[in-house]
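Please read the structure below before turning to the comments.
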Amino acid sequence: MGNRFVDRRTFIAGLGLAGFVGGRAQARTPLDHCETDRVTITGDFGKAVFNVDVADTDATRSQGLMHVAALPLSKGMLFVYQRPQILSFWMRNTLIELDMLFIDSFGVIEHIHERAQPHDETPISPGSMLLTGVLEINGGLARRLGIKAGDVLRHPAFLSKQEPWQCS
């Protein structure tokens, strides 16, 4: 990360092509107008946008960011669960330091575990909270950007307290 400047008011991720995998268009879903490979976090600090890989199956959640040697500042991995549950993570075979943002079903960040250490097998959990997601980003980045518990993450996987759900 070095001395690289990050604007805390607007942290915009690199552009990606949504809806295409291996050059083929994916099947359309009711929320196709929403980008599923991006998340937006808003709070007192301003706004941060990350490109994400979504881990929403047992296989992708088990793999996570294991064996990843580097993660661009604008990238993350979003773990999504179908129902609220107690979540616990570890850093087995993870090569980079990570911040873990634990998210409820409305996209509210309930807990942030900062700077999870590579290869540490100690369980990381916010306790008995029932949650539906975790966003993993580079270690120390949440503090650097000013992201805190209570900030809101927007992604089609999470409900909105506003009706109808609007993509940002």
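The values are calculated or read from the model by the stated rules, or taken from the named source; none is laboratory data. This structure is a prediction, so every number in the text was calculated from the model and none was measured. In this analysis, Cβ positions are derived from the backbone assuming ideal geometry, glycine residues included, and neighbour counts consider all displayed protein chains.
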**Request:** Please determine, by comparing only the residues of region 71-128 that are polar (S, T, N, Q) and closer than 23 Å to P156 by Cβ, which one is nearest to the chain's Cα centre (by Cα).
**Result:** S74
**Message:** Suppose the filter is more than 13 Å from V39 (Cα to Cα) and modelled with pLDDT of 95 or more; does I112 pass it?
**Reply:** yes
**Prompt:** Since S88 meets every condition but one in (1) within 23 Å of D58 (Cβ to Cβ); (2) modelled with pLDDT under 95, which condition does it not meet?
**Reply:** (2)
**Message:** So in region 75-115, with the set limited to residues that are in contact with a Lys or Arg (Cβ under 8 Å, 6 or more places away or on another chain) and in a loop (DSSP other than H, G, I, E, B), which one is surrounded by the fewest Cβ atoms within 10 Å (Cβ to Cβ)?
**Reply:** F106
**Request:** Go through the residues of region 116-132 one by one and say whether even a single one is under 15 Å from F50 (Cβ atoms) and assigned to a strand (DSSP E or B).
**Result:** no
